[in-house]
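Okay, structure first, notes after.
The values are calculated or read from the model by the stated rules, or taken from the named source; none is laboratory data. None of the values given here were measured: they were computed from a predicted structure. Heads up, the Cβs are rebuilt from the backbone with ideal geometry, glycines too, and the neighbour counts pull from every protein chain shown. For accessibility, only protein heavy atoms count, side chains too; no ligands or nucleic acids. Shrake-Rupley method; radii C 1.70, N 1.55, O 1.52, S 1.80 Å.
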Amino acid sequence: MNTVLLFTVAALVSTAWAANNGAVQITVDGSRISKYVLSSEESKGNIRVSGDTITLSGGGRAYLGDSSSETISPDSFYEMPFLGKRFSVTMDLNEVGCNCNGAVYTVGMPGYNSGQQPEPGKDGSYYCDANQVGGTYCPEMDISEANKFAMASTAHTCNYVAPHYYSSCDRGGCGTNVLDQHLNDFGPGKTIDTDRPFTLSVSFEEGGPDECGVPSTLTRVTNVFSQNGKEITFDACNPDYLQWMGCSLPGMVLTMSLWGTGEGGMSWLDGKSGCHGGCNLDASKVTFSNITLTTL
């Protein structure tokens, strides 16, 4: 009885905190469709949506959803099928400085608790990730964690307890930084000039069979940055790790966030760039536009 009561109260609180920030236009296999930008109530003031563009200012976290409702429930989210697809987004990192992080990534929302029930989490949005930020674990594929000085792509797998719960995750994950292969090609005034918008296209290549019962597995993640006819490319992680990430990719929720740390707190991301200074989050802004998903 107490468990039911607590879950009911948590669900009511999540309804009060959740927010719908409006419709955004995305393209899936050539068709223009509308999805909704969802968030906790706390993040609503940080998010602006216009046409095909999502802007986060001063922090915040947003998710793509199917529902136009003003409240969030466990089935509100749009599960994007990334496996065997190419995901593209135009990013503007000009106002995302050192030790800041403007991220676009996927997570296995909604989160579930050990009782196999949907878990509203700390902010009532059902958020989950590989570092238990919202209070629950779930698989996470960091398509791009970036600022104007660096970018990393990281896969995070988790320990699955059927049918919905994840007991723990690989917090560090299997990551690759663009500076590892293109130290002089990404950043302000460089080949990909992060003082101006650029496009990131990520291919999630599949092969089969996989280890977890879905028809095929993830074999390669290729990142291509393009801007004014110039390109740089690098692969993320490795095939052995990616096959387990592929177990989750048939349907994950696209998430965007903006956050930061003090001096050196983001050294795992931008340490090789030589940038200095803590993140001035209040003055930070990241823009994501022209979100596209295409079958390979």
**OP:** Mind listing whichever residues of the range 28-48 are within 30 Å of residue 83 (Cβ to Cβ) and under 17 Å from the mean Cα position of the chain (by Cα)?
**Re:** 35, 36, 37, 38, 39, 40, 43, 47
**OP:** Filter the range 183-221 down to the residues that are of a type in the set (Lys, Arg) and over 30 Å from residue 137 (Cβ atoms), then identify the one that is most open to solvent (accessible area, probe 1.4 Å).
**Re:** 196
Subject >> Set 180, 235: member being touching a residue at least 40 places away in the same chain (Cβ under 8 Å), closer than 16 Å to residue 145 by Cα, in a strand (DSSP E or B) and open to solvent by 40 Å² or more (accessible area, probe 1.4 Å) >> reply: 235
**OP:** Could you please let me know if residue 213 is out of contact with any Leu (no Cβ under 6 Å at 6 or more places or on another chain) and at pLDDT below 95?
**Re:** yes
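Considering the range 151-177 alone, what residues qualify as being under 26 Å from residue 84 (Cα atoms), open to solvent by less than 40 Å² (accessible area, probe 1.4 Å), not aliphatic (A, V, I, L, M) and not in a loop (DSSP other than H, G, I, E, B)? Break it down stepwise before answering.
Here is the first cut: in the range 151-177, the ones under 26 Å from residue 84 (Cα atoms) are 151-166, 169-177.
Next, from what is left, pick out any that are open to solvent by less than 40 Å² (accessible area, probe 1.4 Å): 151-158, 169, 173-174, 176-177.
Applying the additional criterion that residues be not aliphatic (A, V, I, L, M) yields 153-154, 156-158, 169, 173-174, 176-177.
Matches in the range 151-177: 153, 154, 156, 158, 169, 174, 176, 177.
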Original post:
Among (1) among the small types (Gly, Ala, Ser); (2) part of a strand (DSSP E or B); (3) under 18 Å from residue 81 (Cβ atoms), which single condition is residue 226 missing?
Top reply: (3)
Original post:
Which one of these is over 17 Å from the mean Cα position of the chain (by Cα) and surrounded by 19 or more Cβ atoms within 10 Å (Cβ to Cβ): 267, 226, 273?
Top reply: 273
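Inside the range 273-296, can you point out the residues that are under 16 Å from residue 85 (Cβ atoms) and among the aliphatic types (A, V, I, L, M)? Step through it out loud before you land on a result.
Taking the range 273-296 and keeping what is under 16 Å from residue 85 (Cβ atoms), we get 290-296.
Matches in the range 273-296: 291, 293, 296.
So if I check each of 119, 140, which one is open to solvent by less than 20 Å² (accessible area, probe 1.4 Å) and farther than 21 Å from residue 198 by Cα?
So the residue among 119, 140 that is open to solvent by less than 20 Å² (accessible area, probe 1.4 Å) and farther than 21 Å from residue 198 by Cα is 140.
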Original post:
If you go through the range 105-124 one residue at a time, do you hit one that is out of contact with any Gly (no Cβ under 6 Å at 6 or more places or on another chain), under 26 Å from residue 283 (Cβ atoms) and assigned to a strand (DSSP E or B)?
Top reply: yes
Original post:
Do you know which residues across the range 238-260 are within 15 Å of residue 154 (Cα to Cα) and open to solvent by 50 Å² or more (accessible area, probe 1.4 Å)?
Top reply: 238, 239, 240, 244
**OP:** For the range 95-109, indicate whether the set of residues that are more than 18 Å from the chain's Cα centre (by Cα) and farther than 23 Å from residue 57 by Cα is non-empty.
**Re:** no
Subject >> Qualifying position, being in contact (Cβ under 8 Å) with a residue 12 or more places away in the chain, of a type outside the set (A, V, I, L, M, F, W, C) and farther than 30 Å from residue 207 by Cα, among 35, 44 >> reply: 44
